[in-house]
1. When the Cα centres of the stretch 141-180 and the stretch 67-137 are compared, how far apart do they sit, in Å?
2. Ignoring everything except DSSP H segments at least 4 long, calculate the 222 nm mean residue ellipticity for the chain; use -39,500 (n - 2.57) per segment, divide by total residues, nearest 500.
3. Helix 20-34 versus the longest principal axis of the chain: what is the Cα-based angle in degrees, 0 to 90, to the nearest 10?
4. Could you compute how fast the stretch 87-210 diffuses translationally, taking Rh as the Kirkwood radius over C-alpha pairs and applying Stokes-Einstein at 10 °C with viscosity 1.306 mPa s? Give it in µm² per second.
5. Estimate the FRET efficiency between residue 93 and residue 155 by the formula 1/(1 + (r/R0)^6), using the beta-carbon distance for r and 30 Å for R0, to the nearest 0.05.
6. Which order do 91, 281 fall in if you start with the one that has the fewest other Cβ atoms within 10 Å?
7. Which log10 I(q)/I(0) values, to two decimals, does the stretch 198-278 give at q = 0.21 Å⁻¹ under the Debye formula with one point per Cα?
8. Distance between the C-alpha centers of the stretch 192-218 and the stretch 1-38? Whole Å please.
């Protein structure tokens, strides 16, 4: 198979807003085009037409879904393969599943690129609805051993194709003189309950008691902003916390190059791109040990891992990084080495092999027992 001859419908979200899955979709489209592939983007979050519809719940879903289905159907007449970026919950039912069925109705090969730290809970609740669609898929790829195990527990085989980090953009700032008496801690997760920024704030208060000039930037948007701003005031740290809102893709590398610690407080996760970007930027990572994160980083080597909802342990880990120069230097070096495993040059062959298998009619996605 020559990638230059391949016509791909890449189905998934696109920025804005920026986010892990949207950024991966856009980055993958760019890289595939650079390889010579003919890529047709089918966004699941295209702007509402007319824009005023976006303010009307219920109706807005219809105004997005119908044009999306129309685009899927016509794209299927122009491409050889559907690459469907898939997530859990309603995103699966409204966007991923229709893409799979349209592809199969039109006789096209289909690869599902499944991601999402809440997959186990979602499958437990809704697998009877998900399974018939998965049976139509030629290949399922996942970015981590965590998701591979979740699918295997339900008798579906997958192939691991890691997420991609752009090492030309996320690079260490060797010229910056670190002032660890006034460390800059960064959280790059949205302001939603799943990402537990409340624990990050509580842990930061403990750090600030030990290092009064420490400061925190929370880069993300979401429904919990007002609650978190009020909590920062209650904790007495509001003067040291910046709620930066959603930072666009071009500015994220700058934020990491100004950071001394990247903190990931999430309650469920798969393979967060934010962790990979921090590692590639030479920033030590402190993260909860949930979901796929222990598959992504090694505790004490490429990151420090702590239990979720435990601000004391989280603060203790951050203080270890800030006070132990040898540990910090080892984490930075190991993190940079580890990040290279997720560069395009390391991922492309695995992805192209999955494409070839899907086009050749492989059925790795069927259940292992053949039922």
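Readers should treat all values here as calculations from the given coordinates under stated rules, not as data from a laboratory. These figures come from a predicted structure and were not determined experimentally. All Cβ positions, even for glycine, are placed from backbone atoms using ideal geometry, and neighbour counts span all protein chains on display.
1. Value for the Cα centre distance between the two parts: 22 Å.
2. It lands at -12500 deg cm²/dmol.
3. Rounded to the nearest ten degrees, it is 60.
4. 88 µm²/s
5. Plugging the Cβ-Cβ distance into 1/(1 + (r/R0)^6) gives 0.90.
6. Least crowded to most crowded, the residues run 91, 281.
7. Ignoring solvent entirely, the Cα scatterers give -1.13.
8. The stretch 192-218 and the stretch 1-38 have Cα centres spaced 36 Å from each other.
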